[in-house]
Structure formats: C-alpha cells, structure tokens
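Below is one structure; the comments refer to it alone.
The values are calculated or read from the model by the stated rules, or taken from the named source; none is laboratory data. Computed from a predicted model, the values in this text were never measured in an experiment. Neighbour counts run over all protein chains shown; Cβ positions are idealised from the backbone, glycine included. The protein model used for the area step is the full one, side chains on, heavy atoms only, and it has no ligands, DNA or RNA in it. Shrake-Rupley method; radii C 1.70, N 1.55, O 1.52, S 1.80 Å.
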Amino acid sequence: MKSFKFKQFELQQSKSVFRVGTDGVLLGALASVNEVFKVLEVGTGTGLISLMLAQRIPEAEFLGIDINEEAAELTKANFENSPFKLRLNNILQDFKSFQTGDKFDLIVSNPPYFEVSDSEKDKIARQTVELNFRQLISKAAELLSENGVFSVIIPVEAGVDFIEMAKENRLFLIKRINIKGIETSPVKRLVLEFSSVKKDPEVLEFVIEKSPRKYSDQYLELTKEFHVFREK
C-alpha cells in the first residue's frame with residue numbers, strides 16, 4: 001500500500017491496519033501539549049498521532065501501545081524511520097492489562113468505533129464499544145500524572161456517555177472541540193480533553209472543509225506544519 005508523506009516524516013501503511021485519516025490528523029494537531037514530557041498513545045495504528053505530537057513537542061518521550069500485532073510492527077517501523085526515533089517507543093500490549101510505574105502528562109487515543117445504526121448487530125457492537133470506552137477511560141485515569149490530560153477524538157453520538165463515564169472516573173471535561181465536515185453540516189466528531197483538575201471547559205468550533213473537497217482556512221492553518229499540499 002502507498003505510503004503517506006508528511007513534511008517531516010513518512011508513514012508506511014497496511015491493508016489490515018487503519019490507514020491515515022482525518023480523525024488522527026486532527027487529534028495529532030489539536031491535542032493540548034503544554035507542560036508535556038511523557039506521552040502515551042493507546043491504539044497506535046500507523047503511529048501517526050505520536051509522530052505528529054513528537055514534531056510538536058521536541059522535549060517529550062513517547063510510548064505507543066497496540067493490541068494488534070501488525071499495527072505494532074507497522075508503528076515500530078514508522079517510528080524507526082522518523083527523525084524523532086530516539087524519543088519514540090512502542091509495544092504490543094493489551095491496554096487493559098498494561099502495567100507501569102510511569103505516569104503520563106498526555107494520553108491520546110483515536111479509539112475504534114462503529115457508525116450508529118438501528119440494526120441489532122450494531123446495537124451489540126455499540127455495547128461492546130461502550131465497554132471498551134469504559135475500560136479506556138478507567139485505565140487512562142490510573143495512568144495520568146497529577147496535571148495530566150486525556151485527549152480523544154470520538155463520534156458526536158458517543159459524547160454524552162463518554163463524558164459521563166469519564167466523570168465516574170474523576171476525569172473532568174476541560175476542553176471540547178466540535179468538528180464539522182463543512183460549515184453547513186452538523187457536528188460529526190468531538191475532540192474531548194479531560195483532567196483530574198476541575199475547571200470550566202473550553203468549547204471551540206472547527207470546520208474541516210469550506211466546500212466539498214476544499215479545505216477550510218482553519219484546517220490549512222492547523223496542519224500547515226504537517227501536510228504537503230499540492231499547489232493548484
């Protein structure tokens with residue numbers, strides 16, 4: 001499969017691992033990075049989000065974990081092929097059983113999910129996903145440093161439940177970014193950030209495209225240090 005080139009790194013891809021997508025790019029570019037020295041990415045896929053964050057935070061060290069063997073191997077190859085390789089590590093690991101003495105200043109995840117539908121099969125799938133969300137949140141709460149931030153991108157439909165599950169684990173919403181495909185469309189994704197320190201959440205709006213297949217100025221500005229855009 002064709003590799004995906006960014007300005008400072010290149011990602012090899014695989015048919016059996018989630019490819020580079022807009023959700024990952026958004027989280028890599030939007031996640032808060034103040035006072036961040038140790039980063040954990042849960043479910044690395046290609047390693048995209050960690051690599052973007054490594055470019056943004058030159059002083060931080062990274063650990064990526066993925067339960068999928070091929071994804072872990074792909075991440076390792078992409079990490080080792082990057083200019084940030086000395087600060088990047090990854091392991092093949094089930095997050096639910098992950099044990100470490102370390103605490104992380106930033107935990108990021110673009111968790112898998114199923115599109116919402118009314119079929120029985122998808123209702124069961126959503127129940128499984130909700131359980132996975134709960135496990136993800138619970139474990140993240142254990143591993144965050146005192147002022148650490150847990151940052152995710154999820155479908156808007158899952159937002160209310162995710163925020164409530166986080167609150168049950170004493171993680172409080174501190175930032176919500178409502179993401180639209182185009183200006184006139186409804187919100188489709190949320191970037192949510194949580195901390196154990198309560199404060200009034202910041203709410204922001206983000207639009208990916210100003211018209212079909214034409215990126216918004218907001219998106220172009222956000223990703224200008226990463227994307228190689230073709231001149232027209």
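Things to note:
- The range 4-37 - residue that is aromatic (Phe, Trp, Tyr) and over 28 Å from GLU202 (Cα atoms) and, of those, modelled with the lowest pLDDT: PHE18
- Subset of the range 31-40 [open to solvent by 20 Å² or more (accessible area, probe 1.4 Å), assigned to a loop (DSSP other than H, G, I, E, B) and either aliphatic (A, V, I, L, M) or in contact (Cβ under 8 Å) with a residue 24 or more places away in the chain (or both)]: SER32, VAL33, GLU35, PHE37
- Test for ARG189: is it touching a Leu at 6+ places or on another chain (Cβ under 8 Å) and open to solvent by 20 Å² or more (accessible area, probe 1.4 Å): yes
- Picking from residues in the range 223-232 that are assigned to a loop (DSSP other than H, G, I, E, B) and open to solvent by less than 40 Å² (accessible area, probe 1.4 Å), the one that is modelled with the highest pLDDT is PHE226.
- Evaluation of ILE154 against (1) over 16 Å from the mean Cα position of the chain (by Cα); (2) closer than 21 Å to LEU136 by Cα (one fails), failing number: (1)
- The set of residues from the range 1-18 being surrounded by fewer than 20 Cβ atoms within 10 Å (Cβ to Cβ), in a strand (DSSP E or B) and in contact with a Ser or Thr (Cβ under 6 Å, 6 or more places away or on another chain) comprises just one member, GLU10.
- LEU220 being open to solvent by less than 100 Å² (accessible area, probe 1.4 Å) and either part of a loop (DSSP other than H, G, I, E, B) or free of Cβ contacts under 8 Å to residues at least 40 places away in the same chain (or both): yes
- When each of GLY21, GLY43 is tested for being within 17 Å of the chain's Cα centre (by Cα) and exposed (fewer than 15 other Cβ atoms within 10 Å of the Cβ), the lone residue that passes is GLY21.
- Residue in the range 49-65 that is buried (at least 17 other Cβ atoms within 10 Å of the Cβ) and hydroxyl-bearing (Ser, Thr, Tyr) present: yes
- In the range 131-176, the residue that is farthest from VAL33 (Cα to Cα) out of those that are β-branched (Val, Ile, Thr) and touching an Asp or Glu at 6+ places or on another chain (Cβ under 6 Å) is ILE153.
- Boolean, LEU51 is in a strand (DSSP E or B) and either at pLDDT 90 or above or under 27 Å from GLU209 (Cβ atoms) (or both): no
- Those residues of the range 54-66 which are outside any helix (DSSP H, G or I) and within 20 Å of SER3 (Cβ to Cβ), in sequence order: GLY64, ASP66
- Positions within the range 167-186 being open to solvent by less than 20 Å² (accessible area, probe 1.4 Å) and either without any contact (Cβ under 8 Å) to a residue 24 or more places away in the chain or assigned to a helix (DSSP H, G or I) (or both), in sequence order: none
- Number of residues in the range 197-217 that are assigned to a loop (DSSP other than H, G, I, E, B) and crowded, with 17+ Cβ neighbours inside 10 Å: the value is 1.
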